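**Q** Before anything else, here's the structure in question.
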Amino acid sequence: MAKGKRTYEEQTSDPAAQQMLIRADELGLSTAFRRADEMVPCNIGGAGMCCKICGMGPCRLTKDGQTGVCGATIDTIQARNFIRSIAAGAAAHSDHGRDMAFTLKAVANGETEGYMIRDVAKLRTTAALYGIKIEGRSPSEIANDLADLYISQFGQQRGEVIVTKRAPKKRQELWKEKGVVPRGIDREVVEALHRTHIGDDQDPEHILIHAVRTAMADGWGGSLIATDISDILFGTPAPILGQANLGVLKDDMVNVVVHGHEPTLSQMVVAASQDPEIIEYALKAGAKGVNLSGICCTANEILMRQGIPAAGNFLHQELAILTGSVEAMVVDVQCIMQALVDLASNFHTKIITTSPKVRIKGAVHIEFDEHKALTIAKSILKTAIDNYKNRGATHIPQVREDLIPGFSHEYINYMLGGSYRASFRPLNDAIMTGRVRGVAAIVGCNNPRSRQDYLHTYVTQELLKQDVLIVETGCGAIASAKLGLLLGEAGLEKVGPGLREVCETVGIPPVLHMGSCVDNTRILTVLTQMVDEGGLGDDIDQIPAVGLAPEWMSEKALAIGTYCVASGAYVIFGGPSPISGMPDRVADSDIVLRYISEGWEKLYGGKMEFIPDPDEMIQRTLAHIDKKRAALGLPAYDAAKFGRSGDARMVEMEKLPVMDRRQAVYGVAAD
Ligand code: BF8
């Protein structure tokens, strides 16, 4: 084995991925796993100590006290690098939200092909939040007003992004006091770039105040708009059976993998794949039909709503092509590796770009336009079907797992209380009694520099044993899905006794899949509803909850982490810190690292830390949850107190002689 190259088991914990990495080596083909081994990360840039914002540099700071040519200190450089990443992440999410808003407008005006307003109830509820008149008006009229309101938030110059009004009252007041309420979504992103141009904002703490405002424009702005409109147009998710991993690809069907983020395209490809004309076309090509699957957040969008299987998460995009079974990989925006085209040239797979914003040299471009959406989706599928005859040998790993995704906050509300008394009361009560110790949101990417899926699933499983209810999104949710952790009540024997009782009573998996990365806003909404329900304080920072992104790699993850901190959450990132600074630096002088941790905690009640060791992540998560429980005056968590009812108890009881059961249940001997 080449020096520095990890074994397949060290590269990924997923057996399907291991099979495909062996296949890649047999064929002499490169993947991100291999390239990560061969490309040693730059330790100066990696620690946030490289400044390349002007032509006097790049300046690489390697000694304490050193400055760039302009005199910029390491702290200023780190803060500038950090906010630029947050601005890019916020821009990506928010531009997605903007496109959704334009689609809603076009649907309302009857200008699109194939779309409709599927969730009129959500449209009315959302519009009513902003005082849009709903009584006596048609869905199109309401949608028109909501679309206009949402579109205006992007270019708004003064005032406050209206979506922030959906946060708990106390949090809104805090944001006003600290001056971080976004004025307009685009304005904050532009200002982040202006402030970090050579010769502008040079006080690291001042730069980071605007980092919070920029991230807020994402979470309590563009992303929330994206989630709202996706639900209105494509339906609010509810539990549905799905499957995940490369084994969802089919040997005898035309495999089309949709990859990226925006549901406008993928939802239409789903609709087109069920069209009799397309099915007939596939049959004529000698296939049994079209088999659609997803990668990355596009997978989550169509998995949550239609149960379309997920072929995998971020690091599976190349592996799907390596199976030799994919006729077309249809991509839109974000998280699409440039390596796909080169890799696909070794097979028959066509990479089809569709967004006017994204082209990749060597890919086929079929531009998507919502006004002719169904026609274009059919044309994409016909291109894939025409390619079926070119398929060579296939190697599809027979590895797949069932899962139940679809836990929107609306569904959780209904599931806990039913149609007539939908409520978060049972969840709050379970936390207050200690049956559920707290909540962890485990989200974010795969990163080929860590063992694929391992950090996600290790942290998830260990926290479940500690009675922590887990909510997941993005590629982290797909990691858990591949391991069978999102499967109803299966696997509950590995869950703590109190949480198990709750899962058995309500009939939910202990890990709730809440959607794509944009849908992290669903988690903000759940936390807000928990505050509104009462008993867990009057703001998000008082809830015993933690956010984790163990395998993060994207700038969007940094934006998400920052808006969660601004909302009051403790956020833990895995892997090395992108702003760790000098290795031998005295911790006290690490202004930026201290500011985003202790500094932000003083200001917002939430903090951000980078912790590479998964056991330390778990220990700090539990310590934070217990600290918040104590601050609320809740009983200290005690694992021995619960687990005396539910299915677990029934199994235990069935092992007892009948006469002893009464003693076990009522504590009195049989007559
Ligand atoms: O937005 S989790 S790798 S796919 S960035 Fe990308 Fe990360 Fe996956 Fe979705 Ni989110």
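The values are calculated or read from the model by the stated rules, or taken from the named source; none is laboratory data. Quick caveat, the model's predicted, so the values are computed rather than measured. Quick reminder, even Gly has a Cβ in these numbers, built from the backbone with ideal geometry, and neighbours come from all protein chains shown. Note: areas computed on protein heavy atoms with side chains; ligands, DNA, RNA excluded. Shrake-Rupley method; radii C 1.70, N 1.55, O 1.52, S 1.80 Å.
**Q** Go over the candidates M329, M337 one by one and state the one that is closer than 24 Å to A285 by Cβ and within 16 Å of the ligand (Cβ to nearest atom).
**A** Checking each option against the conditions leaves just M329.
**Q** Which residue pairs have Cβ atoms closer than 6 Å, lie 6 or more positions apart in sequence or on different chains, and pair a first residue in the range 41-53 that is modelled with pLDDT of 90 or more and surrounded by fewer than 23 Cβ atoms within 10 Å (Cβ to Cβ) with a second residue that is β-branched (V, I, T) and in a loop (DSSP other than H, G, I, E, B)?
**A** These pairs meet every condition: I53/I198.
**Q** Here's another thing I want to ask about it. Suppose we keep only residues that are open to solvent by 80 Å² or more (accessible area, probe 1.4 Å) and part of a loop (DSSP other than H, G, I, E, B) within the range 613-659. Which one would you say is modelled with the lowest pLDDT?
**A** For the range 613-659, the residue satisfying everything is R644.
**Q** Right, something else. Out of A377, A363, A344, A272, which single residue is in contact (Cβ under 8 Å) with a residue 12 or more places away in the chain, away from the ligand (no atom under 15 Å from the Cβ), among the small types (G, A, S) and more than 25 Å from D99 (Cα to Cα)?
**A** So the residue among A377, A363, A344, A272 that is in contact (Cβ under 8 Å) with a residue 12 or more places away in the chain, away from the ligand (no atom under 15 Å from the Cβ), among the small types (G, A, S) and more than 25 Å from D99 (Cα to Cα) is A344.
**Q** Restricting to the range 26-55, give me the number of residues that are of a type in the set (D, E) and within 20 Å of L249 (Cβ to Cβ).
**A** 1
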